[in-house]
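Data first, discussion second: the structure below is written as structure tokens.
The values are calculated or read from the model by the stated rules, or taken from the named source; none is laboratory data. Fair warning: this is a prediction, and the values are worked out from it, not measured in the lab. Ideal geometry is used to build each Cβ from the backbone, glycine not excepted, and the neighbour counts take in all protein chains shown.
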Amino acid sequence: MKKIVIALAILLLFTAPWIVSSPFFVHLMIMVLMWAVLGASWNILGGFTGQVSFGHATFLGAGAYTTMILYLKLGIAPWYGIPIGGLVAALIALPIGFICFRLRGPYFALSTLAVAEIIRLVALNWESLTNGPVGLLITTLPDVTFWGRSIDWENKIPFYYIIAVIALAAIVATYIMSRTRLGAYSLAIREDIDSAEAIGINTVQTRVAALSLSAFFAGVAGGFYAMYLRYVDPDAVFSIALSVEMVFIAVVGGLTTVAGPLIGAIVLVTFGETFRQILLVGHLILYGLAMMLAIRYMPEGIWGKLRLWFGARD
Amino acid sequence: METFSQSIVSGILTGSLYAMIGVGLTVIFGVMRIINMAHGDMVMFGMYGAFLSIAFLKIDPFLSIVIWIPLAFFVGVFIYRFLLKNIVPAGELNTLLYTAGLSLFIANFVLLVATGDYRTIKLKYAIMPLRPFGIAVPIPLAIAFGMAILITIALYWFLVRTDTGRAIRATSQEPEAAALMGVNVDRMAIITFALGTALACGAGVLLAPSLYLYPTVGEILVAKCFVIVVLGGLGSVPGAIAGGLLLGVVESLGAVYISVPYKDAIGFVIFLLVLLFRPSGLFGVGKS
């Protein structure tokens, strides 16, 4: 039963743009999947290890800028740039992790906020690399042929397939993590960090590994974001609001679950983008509201609640 | 030398307002263990309050503080009673996430109502700065400084001299012991939260003539506020005052001697260093 549902979901994921092909809908699905990747990324750290980060925009921004700069300055195609962006984000996560994981609970959260702000200010002022507040813009994407046909980058559908593959990878990675030692160690840390330490888990290493994995996916999503919008500037990719949005999608969807961030993204991004079509600004009001309701009435998130109702074990 | 004393003076002027915001956050943390992410939005409320006063009621923003502080006190009571009270027992991280949600909600609500336009408050008497000893002192900032000092002294007197103030400090030090001594801990929590909110809002009113106002200004202010309270030690009122003044001076010296664009980063770097090496604050009075 469960296998059939998963197979159907994957089938739906790859056929959706053929079922409904209006540009707004394809754009909406791209946004949902991108935010699902970001939510999944945050969930890997925040859900499994219980470390609340308010600075994940750092990794998104690192990925976005890496992809953009590699393409603009060195001519490396985004095809390679996006995974490299993820790796750069994962590397940046190492020093940040070793510094910030000396702190616990809310103090860790505040320190990630500070690091993210420092990095945003650096991106804003290191003009020779990032072009400062003006940002970086690309006009054309390189030609790629796929099965003998050249891809039309003016169409949204190729982007849809790229982000669909990335989202699938993020969800599979979360699943694998939940089944491996890293996941088990992380859960032990989330439940009680002192006990975890006492039974011989290297808590710093585990948390840094989780942060790095999490940063990789945020970086990949960032690289995708840059290529999809063809524009980055420090306030667009390094803002506190972006970090907070990632947290909300993961928490509202359901922490520590494999599908939670996807569900969170479907619900929040769909409502948010629809709201934006009508009123232009202020769609985050829904995010704030959803977050407050979630913490108050269902801290296990939408997916967590559904699982409880259906009595599923996993 | 003149630039040096100039930047010290303007640092202290801004720092006094930072201190006022920081004191609000730190008393709330002390009593309730809440790190209130929505604190910056209370400042934003105050700034818009000042703007509304002058734009519609034609009341001088500095006088309008007598309306907004009591109003913010009641808003604080409301927020605590109906929104936060049930969340607080769920732990520090849940309240952190909850208040982050509240902050996003408030900021975007104001964005919907007031649009994202940058606004300024122009005062007739604010055109030329005062020049005592050749140091330029903008008049609105000087008035704000004076009022911030008065308000902070009043608060300090309240905390140290009155029974309620003593009860608040007792709750902050040891909630269970305070409850055993007959202190109504729940009531102290409401009063403290409302007081913190009123301080933030009051600081917003005072800051409004010196800053641009826009709905998401709280985001930056709350981040600065964390720097201040961590510098001084979370939960310590004198620490927050010192931290606020210190941050103001460091920022204005940094803008002159290091670089204008990086002045905001200096605060965060100090913040990280203090968190890592002196988590109980520079003066070692906070509890971490």
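Would you check if there is a residue in region B:164-173 being under 30 Å from B:PRO215 (Cβ atoms), away from chain A (no Cβ under 14 Å) and of a type in the set (A, V, I, L, M)?
no
Quick one: which residue in B:ILE121, B:ILE168, B:ILE143, B:ILE151 is within 22 Å of the chain's Cα centre (by Cα) and outside any helix (DSSP H, G or I)?
B:ILE121
Any residue in region A:261-286 that is within 11 Å of chain B (Cβ to nearest Cβ) sitting within a Cβ distance under 8 Å of a residue that is outside any helix (DSSP H, G or I)? List the pairs, counting only those 6 or more apart or interchain.
Note: pairs meeting the criteria are A:GLY272/A:HIS283; A:PHE275/A:GLY282; A:PHE275/A:HIS283; A:VAL281/B:THR115; A:VAL281/B:GLY116.
Restricting to region A:22-66, count the residues that are hydroxyl-bearing (Ser, Thr, Tyr), within 24 Å of A:GLY301 (Cα to Cα) and assigned to a helix (DSSP H, G or I).
Qualifying residue count, region A:22-66: 1.
Before we move on, is B:THR197 in a helix (DSSP H, G or I), among the polar types (S, T, N, Q), under 13 Å from the mean Cα position of the chain (by Cα) and buried (at least 24 other Cβ atoms within 10 Å of the Cβ)?
Spelling it out, B:THR197 is indeed in a helix (DSSP H, G or I), among the polar types (S, T, N, Q), under 13 Å from the mean Cα position of the chain (by Cα) and buried (at least 24 other Cβ atoms within 10 Å of the Cβ).
One line per residue, one yes/no per condition, for (1) modelled with pLDDT of 90 or more; (2) among the aromatic types (Phe, Trp, Tyr); (3) within 19 Å of the chain's Cα centre (by Cα); (4) at negative phi:
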position	(1), (2), (3), (4)
A:VAL252	yes, no, yes, yes
A:LEU262	yes, no, yes, yes
A:PHE275	no, yes, no, yes
A:LEU280	no, no, no, no
A:GLY301	no, no, yes, no
A:LEU306	no, no, no, yes
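Could you look through region B:43-98, keep only residues that are small (Gly, Ala, Ser) and part of a helix (DSSP H, G or I), and pick out the one that is nearest to the other protein chains (Cβ to nearest Cβ)?
The qualifying residue nearest to the other protein chains (Cβ to nearest Cβ) is B:ALA90.
Yes or no: region A:161-169 includes at least one residue that is part of a helix (DSSP H, G or I) and not aliphatic (A, V, I, L, M).
So far as region A:161-169 goes, yes, one or more of its residues are part of a helix (DSSP H, G or I) and not aliphatic (A, V, I, L, M).
Just a yes or no: is a residue in region B:177-188 under 15 Å from the mean Cα position of the chain (by Cα) and farther than 22 Å from A:LEU110 by Cα?
no
Quick one: would you say B:PHE62 is surrounded by 15 or more Cβ atoms within 10 Å (Cβ to Cβ), aromatic (Phe, Trp, Tyr), within 30 Å of B:SER5 (Cα to Cα) and within 21 Å of the chain's Cα centre (by Cα)?
When the stated conditions are applied, B:PHE62 passes them.
Conditions (1) among the hydroxyl-bearing types (Ser, Thr, Tyr); (2) surrounded by 11 or more Cβ atoms within 10 Å (Cβ to Cβ); (3) touching a helix residue (DSSP H, G or I) at 6+ places or on another chain (Cβ under 7 Å); (4) closer than 19 Å to B:GLY46 by Cβ, marked per residue:
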{"residue": "B:THR120", "(1), (2), (3), (4)": "yes, yes, no, yes"}
{"residue": "B:TYR125", "(1), (2), (3), (4)": "yes, no, yes, no"}
{"residue": "B:LEU130", "(1), (2), (3), (4)": "no, yes, yes, no"}
{"residue": "B:PHE133", "(1), (2), (3), (4)": "no, no, no, no"}
{"residue": "B:GLY146", "(1), (2), (3), (4)": "no, yes, no, yes"}
{"residue": "B:ILE151", "(1), (2), (3), (4)": "no, yes, yes, yes"}
{"residue": "B:LEU155", "(1), (2), (3), (4)": "no, yes, yes, yes"}
{"residue": "B:PHE158", "(1), (2), (3), (4)": "no, yes, yes, no"}
{"residue": "B:THR162", "(1), (2), (3), (4)": "yes, yes, no, no"}
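I'd like the full set of residues that are under 13 Å from B:PHE271 (Cα atoms) and surrounded by fewer than 19 Cβ atoms within 10 Å (Cβ to Cβ), limited to region A:108-129.
none
Filter region B:256-265 for residues that are at the interface with chain A (Cβ under 7 Å from one of its Cβ atoms) and not hydroxyl-bearing (Ser, Thr, Tyr) and give the result.
Those that are at the interface with chain A (Cβ under 7 Å from one of its Cβ atoms) and not hydroxyl-bearing (Ser, Thr, Tyr): B:PRO261, B:ASP264, B:ALA265.
Tell me, which residue of region B:99-112 that is closer than 17 Å to B:LEU84 by Cβ and β-branched (Val, Ile, Thr) is nearest to the other protein chains (Cβ to nearest Cβ)?
Filtering region B:99-112 for residues that are closer than 17 Å to B:LEU84 by Cβ and β-branched (Val, Ile, Thr), the one nearest to the other protein chains (Cβ to nearest Cβ) comes out as B:ILE106.
Return yes when B:LEU253 is of a type in the set (A, V, I, L, M, F, W, C), more than 11 Å from every other protein chain (Cβ to nearest Cβ) and within 24 Å of B:ASP41 (Cβ to Cβ) and no when it is not.
Spelling it out, it is not the case that B:LEU253 is of a type in the set (A, V, I, L, M, F, W, C), more than 11 Å from every other protein chain (Cβ to nearest Cβ) and within 24 Å of B:ASP41 (Cβ to Cβ).
Look through B:ALA223, B:ALA194 and report the one residue that is of a type in the set (A, V, I, L, M), modelled with pLDDT of 90 or more and over 21 Å from B:ILE121 (Cβ atoms).
B:ALA194
So, in region A:67-82, of the ones that are free of Cβ contacts under 8 Å to residues at least 40 places away in the same chain and in a helix (DSSP H, G or I), which residue ends up nearest to A:ALA210 (Cα to Cα)?
Applying the filter and picking the extreme gives A:TYR80.
State which residue pairs qualify: first residue without any contact (Cβ under 8 Å) to a residue 40 or more places away in the chain and inside region A:192-217, second residue surrounded by 14 or more Cβ atoms within 10 Å (Cβ to Cβ) and of a type in the set (Ser, Thr, Tyr) in any location, beta carbons under 6 Å apart, and separation of 6 or more residues or different chains.
As it stands, the answer is A:ALA196/A:THR203; A:GLU197/A:THR203; A:ILE201/A:TYR185, since those pairs meet every condition given.
Here is a list of conditions, (1) within 30 Å of A:ASP194 (Cβ to Cβ); (2) touching an Asp or Glu at 6+ places or on another chain (Cβ under 9 Å), and A:ILE96 meets all of them except one; can you say which number that is?
(2)
Of (1) surrounded by 22 or more Cβ atoms within 10 Å (Cβ to Cβ); (2) modelled with pLDDT of 90 or more, A:LEU284 satisfies all except one. Which?
(2)
Within region B:266-280, take every residue that is at the interface with another protein chain (Cβ under 7 Å from one of its Cβ atoms) and under 19 Å from the mean Cα position of the chain (by Cα) and give me the one that is nearest to A:ARG120 (Cα to Cα).
Of everything passing the filter in region B:266-280, B:PHE268 is nearest to A:ARG120 (Cα to Cα).
Answer yes or no as to whether A:LEU268 is within 17 Å of B:LEU111 (Cβ to Cβ), surrounded by 17 or more Cβ atoms within 10 Å (Cβ to Cβ) and under 18 Å from the mean Cα position of the chain (by Cα).
Considered against the rule, which asks whether it is within 17 Å of B:LEU111 (Cβ to Cβ), surrounded by 17 or more Cβ atoms within 10 Å (Cβ to Cβ) and under 18 Å from the mean Cα position of the chain (by Cα), A:LEU268 comes out as no.
Residues are listed down the side, and each one gets a yes or a no for (1) more than 14 Å from chain B (Cβ to nearest Cβ); (2) of a type in the set (S, T, N, Q):
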residue	(1), (2)
A:THR66	yes, yes
A:LEU72	yes, no
A:TRP79	yes, no
A:ALA89	yes, no
A:PRO95	no, no
A:ARG102	no, no
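Quick one: is A:TYR228 out of contact with any strand residue (DSSP E or B) (no Cβ under 9 Å at 6 or more places or on another chain) and more than 14 Å from chain B (Cβ to nearest Cβ)?
Criteria met by A:TYR228.
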